[in-house]
Structures are given as structure tokens and as C-alpha cells.
Amino acid sequence: MPDGSDTPQPKRSRVGSKIGPRKLSPIRARFVDEFVKEPVGAKAARKAGYKPDNAKVTASRLLTNGNVKAEIEYGLARVARKQEISAERVVQRLAHLSDRAEDAGQFGAAAQCEVALGKHLDLFTEKSLHLHVDASGAHLAALLALAERRKTKTIEHDDSDLS
């Protein structure tokens, strides 16, 4: 090995792609890079430079090629690791900022950090209420009658507990 280590280094003789150790033509390497960014075969084929008319067929053919599949798997795994590290860093940073804000008496900022952490951990559920109101005459009349009965109903109370 040129660096003196006993560990064999992967061959990085690919012409175009920055993703992995396999050798691909420049256009296939661009296809892999584009597919990893957005996994839509025809779109990746067009962006890589393949003819738009044949992009769907070309993408299908490329996605069955062993070297291309291996590069895509390698690239997707690398992206997943990067996102995992980023998410972990954000969680740690939010926890740290929350602690510092609380120590400084900035409870609003600390609460915002805690809410962001809770959302990341899916501790909160966004809820929305969808109502369908039947505004027909009979329904509306019944609602108005109910409101009128509630309005005229007297509330009885015992004055003895006020002393």
C-alpha cells in the first residue's frame, strides 16, 4: 500500500460520482448521484443526461444493473447515516440550549427548546377538528330552541356558603 498500512484501500476509480468505490461511466455515476438525491428513476435519468424520451426505460434498465444498484445502496446508506448524525446533534444541542437558557432565567427560550425536543420525539399530536353542520331549517330551529332554553334557565345557589 502506498501509505504503508496493511489495510487495503477501496478503489476509487469511478469517473464521475462522489459516492462509492465502484467504477461507473460518468453518466451512470451522475444517474446514481441524482437517484440518491431524489429516488425517481426517470427524473434521475433525465438529470444525468440520458434522452428524455427513453428516461423511464433507461432508469428501469439502470436500476437492475448490479454495479448501479450497489452504488445506490451505498449512497442511500451514507445519506441515512448523515441524517441520523444530524438529528442526534440537533437533539443534543437543543437539550444543551434548554439547560443554559433555564440557568440564565430565560424560561421562554428553555420552553421553546423543550417543545422542539418533544416534537422531534413525537410526544405531541397535532389535532384538528372538522365539523359538518347541517344548516337546514329543522336543525337550525332545534339549535336555537336549545340556546333559548339555556338562556332562560335560572341558576339556583345557596347564599349560606357566602358568609
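Where a number appears in this text, it was derived from the coordinates with a stated rule and is not lab data. None of these values were measured; they are calculated from a predicted model. Methodologically, a virtual Cβ is constructed for each residue, glycine included, from the backbone with ideal geometry; neighbour enumeration extends over all protein chains shown.
How much net charge surrounds Ala116 when only other residues with a Cβ under 13 Å from its Cβ are counted (Lys, Arg +1; Asp, Glu -1)?
Details: positive: Arg93, Lys119; negative: Glu114, Asp122.
Result for the local shell: 0.
Viscosity 1.002 mPa s, temperature 20 °C: give me the Stokes-Einstein translational D for the stretch 26-120 in µm²/s, with Rh taken as the Kirkwood radius over C-alpha pairs.
This corresponds to a translational diffusion coefficient of 135 µm²/s.
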